[in-house]
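S.K.: Here it is, the structure, as structure tokens.
The values are calculated or read from the model by the stated rules, or taken from the named source; none is laboratory data. These numbers come from a predicted model, not from an experiment. As a convention, Cβ positions derive from the backbone with ideal geometry for all residues, glycine included, and neighbour counts pool all protein chains shown. Note: accessible area is taken over every heavy atom of the protein model, side chains too, but ligands, DNA and RNA are not part of it. Shrake-Rupley method; radii C 1.70, N 1.55, O 1.52, S 1.80 Å.
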Amino acid sequence: MFIKIPEVTPSIMEWKQLKIKADKIKSSLTDLECKSFFDIAKDVETVVEIGSSNGKSTVCLSSAKTVYAIDPHEGGTYDNFIENTKDIENIKLIRKRAELVDWNKPIGLLFIDLGNPESPLIGELLIKYKPFLQNGSIIGISNVAPSFRAILNGKPLVSSYWQRNNAYKI
């Protein structure tokens with residue numbers, strides 16, 4: 001009797017290695033979200049992540065060719081971020097406030113996680129980085145959509161702040 005052993009592709013192996021690393025990082029990011037980040041980013045040349053905290057989402061996005069993590073790390077997360085991402089060569093930290101970064105490269109995926117989904121800064125950042133988005137670029141903003149249960153109970157997909165200000169239309 002012969003058993004066919006499934007081929008292990010580099011991306012499967014890479015995911016398993018990254019998951020082990022990601023599982024050790026303190027974050028509210030779920031395994032499903034982390035795997036989704038990995039899958040979305042693997043076909044992307046350049047990821048810009050604004051707000052990287054301890055680096056779990058950064059690690060999950062590192063299947064992209066290059067991940068630029070923009071965060072001033074003013075809240076004491078710098079040492080954790082460095083420790084959690086030290087072995088991943090394609091992660092580049094820009095330790096500045098995102099609105100002060102002089103950006104000039106095309107962006108394939110822009111992920112904004114400021115911790116407050118109603119921050120007016122999100123709209124400002126979308127406007128600032130919009131000229132660098134390519135045709136087909138992906139934009140992700142953390143915590144702007146309510147939970148599935150809230151949607152079933154009639155809560156809108158876009159928070160009241162974004163609705164009032166039409167800020168979600170760029």
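S.K.: Counting only residues that are out of contact with any strand residue (DSSP E or B) (no Cβ under 7 Å at 6 or more places or on another chain) and open to solvent by less than 60 Å² (accessible area, probe 1.4 Å), how many does the range 28-52 have?
M.R.: Of all residues in the range 28-52, those out of contact with any strand residue (DSSP E or B) (no Cβ under 7 Å at 6 or more places or on another chain) come to 28-39, 42-43.
With open to solvent by less than 60 Å² (accessible area, probe 1.4 Å) added as a condition, the list becomes 29, 34, 36-39.
So the count comes out to 6.
S.K.: Which residues, taken from the range 53-71, are outside any loop (DSSP other than H, G, I, E, B), open to solvent by less than 10 Å² (accessible area, probe 1.4 Å) and not hydrophobic (A, V, I, L, M, F, W, C)?
M.R.: Residues of the range 53-71 outside any loop (DSSP other than H, G, I, E, B): 56-61, 66-70.
Add one more test, that the residue is open to solvent by less than 10 Å² (accessible area, probe 1.4 Å), and what stays is 58-61, 67, 69-70.
If the condition is that a residue be outside any loop (DSSP other than H, G, I, E, B), open to solvent by less than 10 Å² (accessible area, probe 1.4 Å) and not hydrophobic (A, V, I, L, M, F, W, C), then T58 is the only one that fits.
S.K.: Tally the residues that are touching a strand residue (DSSP E or B) at 6+ places or on another chain (Cβ under 9 Å) and free of Cβ contacts under 8 Å to residues at least 40 places away in the same chain, restricting the search to the range 53-71.
M.R.: Total satisfying the criteria: 9.
S.K.: For the range 54-72, give me each residue that is out of contact with any Phe, Trp or Tyr (no Cβ under 7 Å at 6 or more places or on another chain) and either of a type outside the set (K, R) or closer than 13 Å to A22 by Cβ (or both). I'd like the intermediate steps shown before the answer.
M.R.: Restricting attention to the range 54-72, the residues satisfying the condition of being out of contact with any Phe, Trp or Tyr (no Cβ under 7 Å at 6 or more places or on another chain) are 56, 58-59, 62, 64-72.
Passing the criteria: K56, T58, V59, S62, A64, T66, V67, Y68, A69, I70, D71, P72.
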